[in-house]
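Here's the structure, in structure tokens; my notes come after.
The values are calculated or read from the model by the stated rules, or taken from the named source; none is laboratory data. Keep in mind that this is a model prediction, so the values were computed, not measured. Heads up, the Cβs are rebuilt from the backbone with ideal geometry, glycines too, and the neighbour counts pull from every protein chain shown. Remember, those area values only see protein heavy atoms, side chains included, never the ligands or the DNA or RNA. Shrake-Rupley method; radii C 1.70, N 1.55, O 1.52, S 1.80 Å.
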Amino acid sequence: MEKHDRVLSVGKKTDNRFLNMYDIQYENKVGGRGTYHIASRASSIEALKMNTRINRPDGVIIYALYGPRRDKVVMVHQYRFSIDDYVYEFPAGLVDTGETYEEAGARELKEETGLDF
């Protein structure tokens, strides 16, 4: 039987509504041990994909055209801490529980730009 990497334990490091950090203690196939850090939108260890085996997309990005001739692309100008600067990006956000992708897209577009879908 071929040896493979295995998870020894998982610890939740943060408790945030949007994104959480988890530390995975593991042993690799040759017996070495280490820590693997992951960021996940899962709110608990039980909800991590590694436990549920369910791939549930939970975000939307909106590509919208605007204007009388629909020749303007809608973008938002947002500050990002990781680069300490502003960037232009498409409106985007998370899908709330019980919400369809279409509903989330329309809501995020309204929240971020004031435009109705």
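Quick rundown of the values:
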item: Rounded tilt (10° steps) of 101-113 against the dominant C-alpha axis of the chain; result: 60 degrees
item: Quotient of Cα Rg and 2.2 N^0.38 Å for segment 40-106, N being how many residues it contains; result: 1.46
item: Lysine pair number, Cα distance threshold 24 Å (strictly under), the chain, separation 8 or more or different chains; result: 6
item: Net +/- balance of residues flanking Ser40 in space, Cβ distance below 15 Å, scoring K and R +1, D and E -1; result: +3
item: Relative contact order of segment 20-64, defined on C-alpha pairs under 8 angstrom at six or more residues apart (%); result: 29 percent
item: Helix-only mean residue ellipticity at 222 nm for the chain, each DSSP H run of n ≥ 4 adding -39500 (n - 2.57), per residue, nearest 500; result: -4000 deg cm²/dmol
item: The chain, accessible area per residue, ligands and nucleic acids excluded (1.4 Å, Å²); result: 78 Å²
item: Additional length obtainable on full extension of the chain from Arg6 to Asn28, 0.36 nm per residue less Cα span; result: 7.3 nm
item: Per-residue HN-Hα couplings for segment 51-67 [Karplus 6.51, -1.76, 1.60; θ = phi - 60°; Hz; x = Gly/Pro]; result: 9, 7, 6, 10, 8, 10, x, 10, x, 10, 10, 10, 9, 10, 9, 9, x
item: Relative contact order %, segment 2-94, counting alpha carbon pairs below 8 Å whose residues are six or more apart; result: 18 percent
item: Carbon plus sulfur fraction of accessible area for the chain, probe 1.4 Å, in percent; result: 52 percent
item: Euclidean distance of C-alpha centroids, segment 1-29 and segment 55-110, integer Å; result: 30 Å
item: Semi-axis lengths (Å, descending) of the ellipsoid that matches the C-alpha gyration tensor of the chain; result: 38, 16, 13
